[in-house]
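Any read-out appearing in this document is the output of simple, stated calculations on the displayed coordinates, not a laboratory observation. Just so we're clear, the structure is a prediction, and the values are computed from it rather than from any experiment. Glycine also receives a Cβ, built like all others from the backbone with ideal geometry; neighbour counts cover every protein chain displayed.
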Protein chains: 2
Amino acid sequence: MNEHRTVPDPETLIADMGARARTAARVVAQASTETKAQALQEAAVALRASESEILDANGVDMERGAANGLTAAMLDRLKLDSDRITGIADALESVAGLPDPVGAIIDESSPPNGLKLSRIRIPLGVIGIIYESRPNVTADAGAICLMAGNAAILRGGSEASESNRAIHTCLVTGLKEAGLPEDAVQLVPTTDRAAVGAMLRASGLIDIVVPRGGKSLVERVQKEARVPVLAHLEGKCHTYVHAAADPQMAQAIAINAKMRRPSICGAMETLLIDRAFAAPEALVRGLLKVGCEIRGDTAIQALNDAVVPATDVDWDTEYLEPILSVAMVDGIDAAMDHVARHGSGHTDAIVTGDPVAANHFLSTVDSAIVMHNASTQFADGGEFGLGAEIGISTGRLHARGPVALEGLTTYKWIARGDGTTRP
Amino acid sequence: MNEHRTVPDPETLIADMGARARTAARVVAQASTETKAQALQEAAVALRASESEILDANGVDMERGAANGLTAAMLDRLKLDSDRITGIADALESVAGLPDPVGAIIDESSPPNGLKLSRIRIPLGVIGIIYESRPNVTADAGAICLMAGNAAILRGGSEASESNRAIHTCLVTGLKEAGLPEDAVQLVPTTDRAAVGAMLRASGLIDIVVPRGGKSLVERVQKEARVPVLAHLEGKCHTYVHAAADPQMAQAIAINAKMRRPSICGAMETLLIDRAFAAPEALVRGLLKVGCEIRGDTAIQALNDAVVPATDVDWDTEYLEPILSVAMVDGIDAAMDHVARHGSGHTDAIVTGDPVAANHFLSTVDSAIVMHNASTQFADGGEFGLGAEIGISTGRLHARGPVALEGLTTYKWIARGDGTTRP
């Protein structure tokens with residue numbers, strides 16, 4: 001078993017997979033909600049029944065990973081156990097129970113020319129997913145694509161190749177049981193990095209690519225892609241504590257936004273405190289007390305000796321750790337300017353008791369998610385009631401924020417006439 | 001006056017225009033419907049008042065165009081007269097009266113975590129329009145972008161540069177009168193082709209590029225662009241006459257779909273006749289009689305001596321002339337296969353009295369617009385009740401079919417809490 005299985009020609013491989021995916025996409029686009037759900041439920045059954053095979057495959061990946069010097073954190077992301085496999089199967093069943101967006105009527109109209117028009121939701125087509133070590137993405141992403149009526153081409157990380165293969169086998173079992181084409185969810189059978197390049201250039205074969213992984217993967221995808229990308233580059237999230245913020249609420253939200261899970265993309269990375277806010281010292285002290293490192297501007301440094309001086313780089317850094325940059329700002333416009341200059345368009349929040357200030361912030365700040373009196377850690381498809389998430393889009397087009405089934409659809413216009421010709 | 005005005009550095013020019021557009025975009029995104037409408041109404045007033053200046057400028061373009069050997073058709077597209085200027089002003093007023101999509105609530109929800117969520121429509125941001133000879137696009141495209149709350153960077157064809165400049169001056173007058181920033185609608189002040197390249201690479205400055213022009217322009221844009229493109233490549237539109245079609249209706253629709261205006265993108269280019277349809281001879285004869293050249297497969301050739309043999313190229317050709325390729329097909333699945341292989345995802349229609357066949361076609365054919373018992377010539381934003389059109393998208397993402405104000409918007413999520421933190 002080589003780390004990099006080289007196939008003769010990744011371009012040909014992806015072209016062939018893409019053509020088969022396109023054919024399968026036509027079938028799954030027409031499949032009923034029940035059939036798609038059945039495929040996922042049967043895949044969950046197969047996953048539970050294949051626990052020992054999956055653990056064996058994962059053992060091979062883990063051993064090779066340890067030999068190749070993966071860090072403890074990477075090995076933890078890679079590792080499967082009985083609980084995690086149950087979690088993956090549960091997630092499949094959960095996606096199977098989500099409302100099916102396909103076929104929904106977006107709007108209808110009857111212009112004076114006599115046509116009856118409607119816009120209906122249809123699947124996007126063929127979706128490429130490029131991801132890193134977590135093997136559960138194989139099941140999650142495949143399931144979300146399928147439930148929205150799409151075909152998926154999955155390209156997982158080389159370190160998880162055996163685990164991904166074992167999980168993918170269960171998805172294929174589900175597809176077969178439901179009478180859907182196996183090609184509806186394909187796994188790229190090579191860890192050759194050239195296959196990623198071929199996917200990114202597969203215009204006409206792959207309708208959209210979703211990268212799921214670290215910043216370097218997403219940057220490579222955005223740089224090389226000739227197909228559209230649904231990407232989340234980073235979550236440089238801000239919380240602005242306005243003059244009229246309740247001090248206790250501000251502290252509770254700030255601590256939750258940073259410290260609940262510092263490593264998620266919705267974690268706050270910069271706190272902006274209005275110069276007119278009543279209790280900045282307590283706010284900073286509270287964060288320091290729960291173990292957060294504070295990197296502040298001069299005004300914040302003056303509040304507490306434990307504050308580290310911030311450098312220019314800090315205002316643009318996504319730490320994903322218990323580190324927070326904190327700046328004092330002169331009013332809401334200065335706060336929104338800071339967000340516009342340094343934010344990543346992910347999630348930004350205001351804490352205030354003043355509804356006028358809240359609405360001004362919510363309508364002006366141009367991020368995918370804007371919040372009032374809430375923790376940025378809520379930025380998540382599950383918390384938003386979407387039941388799943390293929391990613392959080394920080395782009396402006398097509399879909400923004402948490403993307404689930406609906407974000408993987410588009411629409412077509414249907415025009416019905418009765419021999420209607422145009423004058 | 002040189003045909004190609006060379007500015008020192010198109011990259012710097014576009015970077016500067018883009019930065020100013022971004023600043024202006026923040027202002028127009030917050031502008032009220034009334035303010036945006038006022039800007040367009042005042043621009044219409046200025047256009048009417050500036051008729052002689054515009055005609056003078058157009059005269060310079062026409063003279064240079066004639067000297068440069070533009071064809072009569074190109075000169076006609078370039079030419080302005082009093083009626084056409086009135087038409088441009090009327091169109092501005094019409095866009096000013098359209099419903100404003102900005103701020104509309106797409107949906108709302110209250111997940112169990114206590115947040116109140118809503119998705120609201122917001123402008124896309126900065127839109128680049130790259131177009132060819134018709135000077136009315138300067139006003140039309142600028143108006144549609146502005147009314148949807150966006151800033152626009154317009155890059156017209158060199159042959160219309162003086163006319164575009166004169167029309168753009170009127171738009172700027174309208175912006176000033178309404179108290180909106182002049183930078184909200186900018187015209188690239190050079191005909192250097194490198195400026196187009198700079199626009200296509202302006203990621204982060206320009207949010208989307210809309211090419212309006214011939215196939216070679218759109219192909220260049222799609223090939224070079226690093227920013228998203230809202231493009232219409234071609235309209236290879238099909239009409240399928242099903243076995244259960246009413247012969248008279250089929251003939252009326254086919255003649256209208258091809259011959260009403262053969263040069264528009266919604267014109268039918270291929271007619272598919274079911275082998276079980278009752279009156280293929282009359283259908284072909286009717287088209288020949290109104291002056292349509294028919295290029296048919298062998299079955300169609302057998303119907304009438306005037307039919308020219310079709311070659312493989314015909315099934316993929318957008319003629320935009322009174323020429324039609326016609327094939328005999330064995331049933332609806334063969335017809336849909338033909339459309340899938342040769343269509344461009346623009347507009348495809350079925351003529352049938354059988355509602356089951358109609359629904360099968362409408363749900364299966366994967367084009368931006370699918371029609372039943374209607375002429376493909378209806379593929380138009382105005383006919384679809386959108387009141388305007390920036391183009392017809394044949395892509396799959398973001399917006400499909402006729403794109404007007406709503407297609408130039410996106411959304412953001414608003415989450416309201418009351419000190420809500422994530423457990």
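What the table below lists for this structure:
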| quantity | calculated |
| --- | --- |
| Under 22 Å from residue A:289, Cα to Cα: lysines that are on another chain or at least 8 residues apart | A:258 |
| Helical segments meeting 27 Å axial Cα length and Kyte-Doolittle -1.0 threshold in chain A (DSSP H) | A:10-30 |
| Net length gained if the chain between residue B:285 and residue B:298 were fully extended (0.36 nm per residue, minus Cα distance) | 3.1 nm |
| 5 angstrom amide H check on residue A:393, placed H, neighbours 5+ away | A:401, A:403 |
| Of all DSSP beta bridges in chain B, antiparallel share, percent nearest 5 | 30 |
| Rounded if a/c under 1.5, otherwise prolate or oblate - chain A, Cα gyration tensor axes | oblate |
| Amide H partners (placed H, <5 Å) of residue A:329, local residues excluded | A:273, A:274, A:275 |
| Rotationally averaged projected area of the protein assembly as shown (alpha carbon convex hull; nm²) | 37.1 |
| Helix-only mean residue ellipticity at 222 nm for chain B, each DSSP H run of n ≥ 4 adding -39500 (n - 2.57), per residue, nearest 500 | -12500 deg cm²/dmol |
| Residue order, fewest to most beta carbons within 10 Å, for B:290, A:210 | B:290, A:210 |
| For a label point 7 Å along the Cα-to-beta-carbon line of residue B:333, residues of the range A:19-34 with backbone N under 20 Å | A:20-32 |
| For residue B:353, net neighbour charge (Lys/Arg +1, Asp/Glu -1) across residues whose Cβ lies under 15 Å away | -3 |
| Estimated FRET transfer efficiency when R0 is 35 angstrom, pair residue A:60-residue A:308 (beta carbons, to 0.05) | 0.20 |
| Overall form of the range A:237-383 per C-alpha gyration tensor (a/c, 1.5; a/b vs b/c) | rounded |
| Nitroxide proxy distance, nm - points 7 Å out along Cα→Cβ at residue B:109 and residue A:27 | 3.1 |
| Ranked list, fewest to most other Cβ atoms within 10 Å of each Cβ, for A:378, A:277 | A:277, A:378 |
| Residue mean of other protein chain beta carbons inside 10 Å, B:359-366 | 4 |
| Over 30 Å (Cα to Cα) - which of A:236/B:176; A:79/A:215; A:412/B:223; A:36/A:412 fall in this group | A:236/B:176 |
| Selected from A:152, A:67, A:29 as most flexible by GNM, with chain A as the system and alpha-carbon contacts under 10 Å | A:67 |
| Residues whose placed amide H lies under 5 Å from that of residue A:384, excluding near-sequence neighbours | none |
| Sequence of B:176, B:412 once ranked by neighbouring C-beta atoms within 10 Å, starting from the fewest | B:176, B:412 |
